[in-house]
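Report on one structure; see the data block that follows.
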């Protein structure tokens, strides 16, 4: 009887799990690889799954994950649809107060540097999304690191 009760309790936990949540890691990685291939890009992949392209490394100060920075950017999906864009003067923020993909990715550039960050959802807005960004979405940012403040 003890084993039957344990089995029933275990099956209750399994059946109550949220089957709507997906593990997007592999799906996102495949989408990014396809985007890179389709656009003839050459990107590096970090240990976290972030892909990045450095068009211009820059020559100024290199930020750390705790730096305040000013960045001009354009954010879009792999289908090219833009969801957000700064003006040329950029925006200023602390790298500890943004999505993980930015906290990591911006540190690959020096002041004056530019390039592209290709973020899987676990480094962006996760399975839930935010605003116009759906859950599980790969997002791409063209960035220009204007300054480390």
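Please treat every number below as a calculation from the coordinates, not as lab data. Keep in mind it's a predicted model, so treat the numbers as computed, not measured. Glycine gets a Cβ as well: all are built from the backbone with ideal geometry, and neighbour counts include every protein chain shown.
This ranking places 111, 57 by how few other beta-carbon atoms lie within 10 Å of each, fewest first, which gives 57, 111.
Model label sites at residue 127 and residue 88, defined 7 Å from Cα along the beta-carbon direction, differ in position by 4.4 nm. For residue 45 and residue 65, the difference between the fully extended length at 0.36 nm per residue and the C-alpha to C-alpha distance is 5.4 nm.
Residues of segment 42-65 falling in the label zone of residue 97, defined by backbone nitrogen less than 16 Å from a point 7 Å along Cα to beta-carbon, are 65. Across segment 21-148, the relative contact order, built from alpha-carbon pairs under 8 Å that are at least six residues apart, equals 33 percent.
Compared with the dominant Cα axis of the chain, that is its longest principal axis, helix 2-15 is turned about 40°. Against the chain, whose longest principal axis comes from its Cα atoms, helix 25-38 is set at around 40 degrees.
For the chain, what does the helix formula give at 222 nm: sum of -39500 (n - 2.57) over DSSP H segments with n ≥ 4, over the residue count, nearest 500 deg cm²/dmol? Present the calculation step by step, with values, prior to reporting the outcome.
Working: 3 runs with 34 residues, N = 149.
The helix contribution divided over the chain gives -7000 deg cm²/dmol.
Exposure proxy shown here: for 25, 148, 98, 69, the number of other Cβ atoms within 10 Å sets the order, fewest to most, as 25, 98, 148, 69.
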